[in-house]
Amino acid sequence: IIYAEVLEKAGTLQVVANVEGAEVFVDGEYIGEAPVTVDTVPGMKDIMVKSQGYKTTTTQVMVESGQLAEVYVDLPLVVGTLEVTTNPAGADVFVNHELKGTAPASIQLPPGDYEVSVEKSGYYSRKATLRIVQNTSTPLHFNLAEQSSGIGGVTPGLPSQEPQISGTRLTVLS
């Protein structure tokens, strides 16, 4: 025969996150994927929620005996910042061929590799490939060349189509 005395009635904890399927831990123990509801011993509970591509977030909640404690956890995206400037300013900034703003521009992006290009009327467009790292700021500056400013009709980056003086070769790279 076992005699037991129930001193406290369990409480209910419900954890909801902005990322469905995020992993939920209570007092260091995995309890399931958000949204999740569990019965637990009353008291202060340490909640940790994590999901790939998002910053792990922790919070605390008090669970009362016989009561429902609800907690909403907002997981912010893991991002890096791309700081694009141009000379002259005002060029359209494209990231992977999608318009993101006008230079100077501060663009938050998930970590990864990107092709960044800038376009401004009357200037040659420019592009670069770079890697964004989480929690860092990556500066990128473009000096734009006017379309009418070629040397003797030479287009920057392309070989000259004009006859050249014997013994002289000129190719403008940028």
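The values are calculated or read from the model by the stated rules, or taken from the named source; none is laboratory data. Please read these numbers as outputs of a predicted model, since none were measured by experiment. Quick reminder, even Gly has a Cβ in these numbers, built from the backbone with ideal geometry, and neighbours come from all protein chains shown. Just the protein is used for accessible areas: all its heavy atoms, side chains included, with ligands, DNA and RNA removed. Shrake-Rupley method; radii C 1.70, N 1.55, O 1.52, S 1.80 Å.
Some observations on this one:
- Members of the range 95-107 found to be assigned to a strand (DSSP E or B) and either small (Gly, Ala, Ser) or surrounded by 13 or more Cβ atoms within 10 Å (Cβ to Cβ) (or both), listed by number: Val95, Lys100, Gly101, Thr102, Ala105, Ser106, Ile107
- If you go through the range 27-60 and keep only what is among the small types (Gly, Ala, Ser) and surrounded by fewer than 16 Cβ atoms within 10 Å (Cβ to Cβ), you end up with Gly28, Gly32, Gly43, Gly53.
- So Gln60, is it within 30 Å of Pro139 (Cβ to Cβ) and out of contact with any Phe, Trp or Tyr (no Cβ under 7 Å at 6 or more places or on another chain): no
- Residue among Ser51, Ser65, Ser137, Ser106 that is among the hydroxyl-bearing types (Ser, Thr, Tyr) and touching a Lys or Arg at 6+ places or on another chain (Cβ under 7 Å): Ser65
- Yes/no for Val78 being touching a residue at least 24 places away in the same chain (Cβ under 8 Å), over 17 Å from the mean Cα position of the chain (by Cα) and open to solvent by less than 30 Å² (accessible area, probe 1.4 Å): no
- Members of the range 108-121 found to be surrounded by 13 or more Cβ atoms within 10 Å (Cβ to Cβ) and modelled with pLDDT of 95 or more, listed by number: Tyr114, Val116, Ser117, Val118, Glu119, Lys120
- Exclusive hit being at pLDDT below 90 and open to solvent by less than 80 Å² (accessible area, probe 1.4 Å), set Val84, Val154: Val154
- Qualifying residue in the range 67-75 (condition: surrounded by 12 or more Cβ atoms within 10 Å (Cβ to Cβ), modelled with pLDDT of 90 or more, part of a strand (DSSP E or B) and hydroxyl-bearing (Ser, Thr, Tyr)): yes
- Checking Ala22, Ala69 one by one, the residue that is in contact with a Gly (Cβ under 7 Å, 6 or more places away or on another chain) and of a type in the set (A, V, I, L, M, F, W, C) is Ala69 and no other.
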